[in-house]
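K.L.:
Could you have a look at this structure, given as structure tokens, before my questions?
The values are calculated or read from the model by the stated rules, or taken from the named source; none is laboratory data. Everything numeric in this text was worked out from a predicted model, so none of it was measured. Quick reminder, even Gly has a Cβ in these numbers, built from the backbone with ideal geometry, and neighbours come from all protein chains shown.
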Amino acid sequence: MKILVTGNAGLMGARFCDWLVEKTSHDIIGIDDLSGGYQDNIHPKVTFIKQNLLDDLTPIFEQHEPEVIYHFAAYAAEGLSPFIRRYNYENNLIASVNLINNAIKFDVQRFVFTSSMAVYGDSCTPPFTENDPTRPIDPYGIAKLAVEKDLEVAYEQHGLKYTIIRPHNFYGDKQNIWDRYRNVLGIWMNQVINEENPTIFGNGEQRRAFSCIDDALVPLWNASQRDACIGQVINLGGIKDVSILDACLTLLDVTGTKLQPVFLENRHEAKNAFSSWEKSIELLDFEHKIELREGLEKMWQWAKKQPKRPQFTWHEYELDKNLYGFWQ
Ligand SMILES: NC(=O)c1ccc[n+]([C@@H]2O[C@H](COP(=O)([O-])OP(=O)(O)OC[C@H]3O[C@@H](n4cnc5c(N)ncnc54)[C@H](O)[C@@H]3O)[C@@H](O)[C@H]2O)c1
């Protein structure tokens, strides 16, 4: 079988490709523009195409004839998305639609899309279940929800069999730790490596549930292999919520540093956000095997061995009105 994986230089795409290469004998084609992932992350057995998903994808479909698509590519800087609205919609929505057009045109059999818990916003009380209303509070969540809706109608009208995964707070080896706008655990690791105090928005009482990427790999595979997953929306990740402050203190303990958290102004975000997991157990065989501390110990060993890379910073935002002081 030919499997196309977008975003295959990023955390989820790269680690899922590693798993596919090790556990299956399928042909893997990866597309990534390396805007947020790294070539070093890509398994040598993956046929890699460096390309932006906004560009013409037809030649790739003609040449490789993928049967299954995993669409991971996105710029997942949720908190920054109100200040890069246009980039967010082009990269996360229009690029996805370009891929969906080709999936329909070339009769792709299964399409797995990683949406986000951001689609729930803050309108309901966590744990969010798949049947809860969606009310995203930022452009990133809106883009994800729009792609979800587009897939629904692509299935109804054109028979494109999709599965929507709503992951939340995965971390692990191959995560981008050089981007100051996203991946809170990665940001803290980078700060510790550079002997800076880790930063927390607000008082750190916000609650999230983290999961090690290793626990996502079998469920991701099952998403495209089981008929019961067709047309389904499934939360994926963390069964134990923790305050951001406690997560930070756990990481500091793991690293053995004497650095201490510093608290920044609040930002526009859901206070508590974590999801239900029952459906992922039932349909995807999800198991939360790796506790936060154990997963962070593993990721920290990896992070310490990484090359020194400059931290990614936007030199110009689309909008700087109401931009938080720490990003100015
Ligand atoms: N990691 C999580 O906890 C989490 C949580 C919720 C949702 N998600 C979603 O899951 C997906 C994967 O997340 P991740 O953590 O691996 O992200 P990531 O940033 O590590 O990887 C995304 C990859 O997509 C590539 N990319 C971005 N825009 C592209 C474009 N226009 N064309 C080609 N390539 C492009 C980047 O270069 C990067 O390698 C994303 O869609 C994200 O929104 C992840």
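K.L.:
Can you name every residue in the stretch 37-57 that is part of a helix (DSSP H, G or I) and surrounded by 13 or more Cβ atoms within 10 Å (Cβ to Cβ)?
P.N.:
41
K.L.:
Consider the stretch 163-185. How many of its residues are over 13 Å from the mean Cα position of the chain (by Cα) and over 14 Å from residue 72 (Cβ atoms)?
P.N.:
7
K.L.:
Residue by residue through the stretch 1-36, note down the ones that are near the ligand (Cβ under 6 Å from one of its atoms), in a helix (DSSP H, G or I) and more than 9 Å from residue 72 (Cβ to Cβ).
P.N.:
Of everything in the stretch 1-36, nothing turns out to be near the ligand (Cβ under 6 Å from one of its atoms), in a helix (DSSP H, G or I) and more than 9 Å from residue 72 (Cβ to Cβ).
K.L.:
I'd like to verify a number: residues in the stretch 232-248 that are exposed (fewer than 15 other Cβ atoms within 10 Å of the Cβ) and over 20 Å from the mean Cα position of the chain (by Cα), how many?
P.N.:
Summing the residues that are exposed (fewer than 15 other Cβ atoms within 10 Å of the Cβ) and over 20 Å from the mean Cα position of the chain (by Cα) in the stretch 232-248 gives 1.
K.L.:
Here's something else I'd like to know. Restricted to the stretch 106-138, and to residues that are over 12 Å from residue 166 (Cβ atoms) and of a type in the set (Phe, Trp, Tyr), which residue is surrounded by the most Cβ atoms within 10 Å (Cβ to Cβ)?
P.N.:
Checked the stretch 106-138; the qualifying residue surrounded by the most Cβ atoms within 10 Å (Cβ to Cβ) is 111.
K.L.:
Let me ask another. As an exercise: evaluate residue 72 against (1) at positive phi; (2) in contact with a Gly (Cβ under 6 Å, 6 or more places away or on another chain) and give the number of the one condition it does not meet.
P.N.:
All conditions are met except number (1).
Results for (1) of a type outside the set (Asp, Glu); (2) over 28 Å from residue 138 (Cα atoms); (3) part of a helix (DSSP H, G or I); (4) touching a strand residue (DSSP E or B) at 6+ places or on another chain (Cβ under 6 Å), shown as yes or no for each residue.
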position: 222; (1), (2), (3), (4): yes, yes, yes, no
position: 238; (1), (2), (3), (4): yes, no, no, yes
position: 260; (1), (2), (3), (4): yes, yes, no, no
position: 263; (1), (2), (3), (4): yes, no, no, yes
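K.L.:
Inside the stretch 128-147, can you point out the residues that are of a type in the set (S, T, N, Q) and more than 15 Å from the ligand (Cβ to nearest atom)?
P.N.:
129, 131
K.L.:
Please work out which one of (1) farther than 25 Å from residue 84 by Cα; (2) in a loop (DSSP other than H, G, I, E, B) is the condition residue 218 fails and give its number.
P.N.:
Condition not satisfied by residue 218: (2).
K.L.:
Just the residues that are free of Cβ contacts under 8 Å to residues at least 24 places away in the same chain and either outside any loop (DSSP other than H, G, I, E, B) or polar (S, T, N, Q) (or both), please, taken from the stretch 102-124.
P.N.:
123
K.L.:
Exactly one condition in (1) in contact with a Phe, Trp or Tyr (Cβ under 6 Å, 6 or more places away or on another chain); (2) modelled with pLDDT under 95 is false for residue 123; which is it?
P.N.:
(1)
K.L.:
Another one. Keeping to the stretch 196-230, report how many residues are within 23 Å of residue 153 (Cα to Cα) and more than 20 Å from the chain's Cα centre (by Cα).
P.N.:
Selection size over the stretch 196-230: 5.
K.L.:
If you don't mind, another one. What residue, of 103, 77, is closer than 24 Å to residue 118 by Cβ, within 12 Å of the ligand (Cβ to nearest atom) and either surrounded by 24 or more Cβ atoms within 10 Å (Cβ to Cβ) or not polar (S, T, N, Q) (or both)?
P.N.:
77
K.L.:
Further, regarding this structure: Check residue 70 against each of (1) farther than 26 Å from residue 269 by Cβ; (2) in a helix (DSSP H, G or I) and name the one condition it does not meet.
P.N.:
(2)
K.L.:
Residue under question is residue 322, and the condition is that it be on the phi > 0 side of the Ramachandran plot and not in a helix (DSSP H, G or I); does it hold?
P.N.:
Considered against the rule, which asks whether it is on the phi > 0 side of the Ramachandran plot and not in a helix (DSSP H, G or I), residue 322 comes out as yes.
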